[in-house]
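For reference, the structure is listed below as structure tokens.
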Amino acid sequence: DAGITQSPRHKVTETGTPVTLRCHQTENHRYMYWYRQDPGHGLRLIHYSYGVKDTDKGEVSDGYSVSRSKTEDFLLTLESATSSQTSVYFCAISGQGSSTEAFFGQGTRLTVV
Amino acid sequence: SQQGEEDPQALSIQEGENATMNCSYKTSINNLQWYRQNSGRGLVHLILIRSNEREKHSGRLRVTLDTSKKSSSLLITASRAADTASYFCATAIYNDYKLSFGAGTTVTVRA
């Protein structure tokens, strides 16, 4: 298995609180991605990174920010959590962007109450 | 919006039968990838087919790509209970780092 770890694996938080999810990789891959998965929607891209301090928005980026200060870590922050952000969040890594396969973490189940 | 869309949404078959699912997409692609997701787990890459390829095989998996119809199919032969999972296609377009996923096909293999 690719060395990719998400933390926490489960979290329950209250509406309006900030939340940070962490993705850590040991593969030295350049590209990292955050997706959310909701029933009927498949995976939707939130943000991605193509290098240290290089990030860009995906299709559902509103309400989310990211940071990548080191190759191995990609953080996803919900500035002020809302119930609509209840979802399963997946981190993925890739050595050559979309030209090659992506490796996924085990996911973080986030519930906003 | 999602680039790829799988069909059917759900599929139930008997062990030993073949399972076929399709993926349609909207714009020209660099490659198309198929992933499997077991319940409660992350996605696992199955196969990648490039735009200049028409067919690829990997074990019991066969993927076809028809760029003129903007569609791909995934065939799982001689299915097993362990093949029970959701299957997603993902498309990559040129000069873009991102993959765009469809909503997936849920396959149930009955013993």
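At a glance:
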{"read-out": "Approximate spin-label separation B:Ser12-B:Thr67, in nm, with each point projected 7 Å along Cα-to-Cβ", "value": "4.0"}
{"read-out": "Kirkwood Rh in Å, taken over chain A so that all alpha-carbon pairs contribute", "value": "13.8"}
{"read-out": "Computed E for B:Ala111/A:Asp38 - FRET, C-beta separation, R0 45 angstrom, nearest 0.05", "value": "0.90"}
{"read-out": "Probe 1.4 Å, accessible area per residue of chain B, Å²", "value": "48"}
{"read-out": "Phi to ³J(HN,Hα) by Karplus 6.51 cos²θ - 1.76 cosθ + 1.60 over the range B:40-51, Hz, x for Gly, Pro", "value": "x, 10, x, 7, 10, 5, 9, 7, 10, 10, 8, 5"}
{"read-out": "Cut-off under 5 Å, modelled amide H: who pairs with B:Ala103 long-range", "value": "B:Glu6"}
{"read-out": "Cα Rg over Rh - the protein assembly as shown, Kirkwood", "value": "0.97"}
{"read-out": "Accessible area of the protein assembly as shown belonging to carbon and sulfur atoms, whole % at 1.4 Å probe", "value": "45"}
{"read-out": "DSSP bridge orientation in the range A:12-113 - percent antiparallel, rounded to nearest 5", "value": "95"}
{"read-out": "Size of charge dipole - the range A:4-112 - debye, nearest 20, with Cβ of Lys, Arg +1 and Asp, Glu -1, no other charges", "value": "180"}
{"read-out": "With at most 15 neighbouring Cβ atoms within 10 Å, loop trypsin sites (Lys or Arg not before Pro) (DSSP) excluded, longest segment of chain B", "value": "B:81-111"}
{"read-out": "Value in Å of the Kirkwood radius, where chain B supplies the Cα pairs that are averaged", "value": "13.9"}
{"read-out": "Length-normalised contact order for chain B - Cα pairs under 8 Å, 6+ apart - percent", "value": "39"}
{"read-out": "The range A:1-55, Cα convex hull volume normalised per residue, Å³", "value": "125"}
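The values are calculated or read from the model by the stated rules, or taken from the named source; none is laboratory data. Everything numeric in this text was worked out from a predicted model, so none of it was measured. Ideal geometry is used to build each Cβ from the backbone, glycine not excepted, and the neighbour counts take in all protein chains shown. Just so you know, the surface numbers come from the protein's heavy atoms only, side chains and all, with ligands and any DNA or RNA stripped out. Shrake-Rupley method; radii C 1.70, N 1.55, O 1.52, S 1.80 Å.
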